[in-house]
Amino acid sequence: MRRAEKLKGKEDHYRSFKLSDRKIKNPNIYPYSVFRDKYTEPFVFAPITILYGNNGSGKSTILNLIADKLEIKGRERATSNSFGITDYVEQFIEECGIAYGEDEDGEPYYKVPDTSRYIKSEDVLYEIKKIQQRKVLGEGMVYDMVREGWKKQEAEKFLASKDGYMQKQYIEFAQEKYSNGETSMQYFDAYLQPDALYLLDEPEVSLSPANQVKLAEEINKLARLLGCQFIIATHSPFMLGTLQAKIYNIDLKEYEVVKWSKLENIRYFYDFFKKHEGEFE
C-alpha cells in the first residue's frame, strides 16, 4: 500500500470533463441527440462525484463518453446512427474536453492509473449469471481470460488443467454459498483497489439496502484513505444518502450541484414514509 499512502491528500486523478456543445442539424444523431436541449458547464469532479438522473437522462451515456475519452478498461464504444460516413460518436468524443489533476507536489497527471476501470450494472449481473449457471461458467471464464489478454486456446487449455478445474470448483462452491447481493459485493471487493479512478454505473443493482450502504461506506473509505476517485451514476436513496459525494442533477436542463435530500425522488420517498410513519410505531 506504499503508493496509496503517498497519495493521501493528493489532488484527484481526473479534474473535469466538458461535453461537446456542438449543435448539428439532424436531431436524431446519437450522442448529440441526448444533450441537444441541455446547457452544460464542465463537470468538476470531487473524490466522489454522483451523476443523478432518471432513466433516459443521459447519465450512463456520460459515463460511456468519459470511459471512451480516457480509454479506461471496461469501456464499450457506442455506435451512432448510420447517417453517411461520419462516425458521430467518435466525433463527439473528440469534441469533449478533459482536464487531469495534479499530485501532491503539483506535478500534473497525463493519464489516469492503468488499474482504473468502468464497471457497469450488466458487468455485475453477468458475474452473477456466470456463477449461478454452470453451463455458462466455462464459457464465462474463457471470455474473461480473453478480455485480460489470453488467447482463447490457451484459456481453454488452462481451464482443462488441474488449476483451472480448482478455480471452477471454487466458483461453483460460491454458487451454493452466496446470494446475488453477496456475489455482487465479492465482485466489487475484487475490482476496487487503491489508487485508481472508477466509473460505476448503477452499482446498487441486485444489492439489498443494507449492502448498498455497506458498499457506499467502502467507497467513502477508498476515496478518503486510499487514493481512489469515483464517478457514479445512481438514483439509489441509500447510496445517495451514504456517499460523501458531490451530486450533479442530470435531470435538469442546466446540470446543477445539489444536496441529495433536495432531489425529487428522494423527497417522494420522504413524503411517503412520513405519511405512513405511524405504522412504524
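The numbers here are math on the coordinates, done by the rules we state, and not lab data. Here the structure is a predicted model, which is why all the values come from computation and not from measurement. Every residue, glycine as well, gets a Cβ built from its backbone with ideal geometry; the counts of neighbours run over all protein chains shown.
General observations
- A simple packing score, the average count of other Cβ atoms within 10 Å per residue, orders the peptides 100-113, 192-205 as 192-205, 100-113, with the highest score first.
- Listed pairs Lys120/Lys274; Lys23/Lys111; Lys38/Lys59; Lys59/Lys259; Lys120/Lys214 exceeding 23 Å between Cα atoms: Lys120/Lys274; Lys23/Lys111
- Database remark: amide H of His13 closer than 5 angstrom to no amide H (H placed geometrically; neighbours at sequence offset of 5 or more, or on other chains; Pro and chain starts carry no H).
- Cβ-based net charge around Gly97, under 15 Å, with every Lys or Arg adding one and every Asp or Glu removing one: -1
- With a Förster radius of 45 Å applied to the C-beta separation of Arg36 and Arg147, the computed FRET efficiency comes to 0.85.
- Sorting the segments 257-263, 43-49, 147-153 by their residues' average number of neighbouring beta-carbon atoms within 10 angstrom, most packed first, yields 43-49, 257-263, 147-153.
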